[in-house]
Amino acid sequence: MPSATLPELFAAQVARTPDADAVVFEDERLSYGELDARSSQLAHHLRGLGVGPEVVVGLCIERSLAMLVGLLGILKAGGAYLPLDPDYPPERLAFMLADAGAPVLLTRAALRAHLPAHDASASMTRIVCLDADWPAIAQQPATAPATGLQPQHPAYVIYTSGSTGIPKGVAVTHQQCRQP
């Protein structure tokens, strides 16, 4: 699959080993099939919020199974994920979200107080809590949505540290993720 996207590569692995452990974190684990279903449900939810190719989605959460579900759900919706460290100052998070033009931010309810101020009347980022909002997300189909995602679409956006001035974002495509 030389020109496959990351979700296509993941789907191929799910087909080969649906019951094998995909991820283990502390005392929790998800099989490939479980991770596929949960991330697909999130992808459908994100599609309903307008996420698709070329749309950046922030992911501000601690290392956890939910982090991987969020990352894969963003990719399966066709979006590009923007990793945001919960330990960053709110001003830096606000800058990165605004600069990347992220209309959606995935996080946990406990982290909301640390996030930048949210202005619902502006074209500000919509916050989705992977824990508190999960009952609604879980109502979505467990199969991946069609997105029209292509290898040249961005997979993620990473920011420089900004140590020499303003941080700069760089988009990395699905195709670039696969190059040796």
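For the reader, a short list of remarks on this structure follows.
- Model label sites at Val24 and Ala138, defined 7 Å from Cα along the beta-carbon direction, differ in position by 2.5 nm.
- In terms of overall dimensions, the C-alpha atoms belonging to region 68-148 reach 37, 27, 26 Å along their principal axes, ordered largest to smallest.
- Beta bridges per DSSP with both ends in region 14-90, % antiparallel, nearest 5: 45
- With Cα atoms, 0 to 90° folded angle of helix 65-76 axis to the chain main axis: 80
- The chain: calculated mean residue ellipticity at 222 nm from DSSP helix runs of at least 4, using -39500 (n - 2.57): -9500 deg cm²/dmol
- Every Cα-Cα pair of the chain was included, and the share exceeding 23 Å stands at 40 percent.
- Highest mean packing first, where packing is the average number of other Cβ atoms within 10 Å per residue, the peptides 14-23, 44-53 line up as 44-53, 14-23.
- Using the Karplus relation 6.51 cos²θ - 1.76 cosθ + 1.60 with θ = phi - 60°, the per-residue 3J(HN,Hα) values for region 44-58 come to 4, 4, 5, 4, x, 8, x, 7, x, x, 6, 9, 8, 10, x Hz, with x marking Gly and Pro.
- Between amide H atoms placed 1.01 Å from N, distances below 5 Å from Ala155 occur with Val172, Thr173, His174, all of them 5 or more places distant or on a separate chain.
- Antiparallel DSSP beta bridges within the chain, as percent of all bridges there, nearest 5: 40
- Using alpha-carbon coordinates, inclination of helix 90-100 to the longest axis of the chain, degrees: 70
No value in this document is a laboratory result; all are computed from the given coordinates. Remember, it's a predicted structure, so these values are computed and weren't measured experimentally. Reconstructed Cβ throughout: ideal geometry from the backbone, glycine too, with neighbour counts over all protein chains shown.
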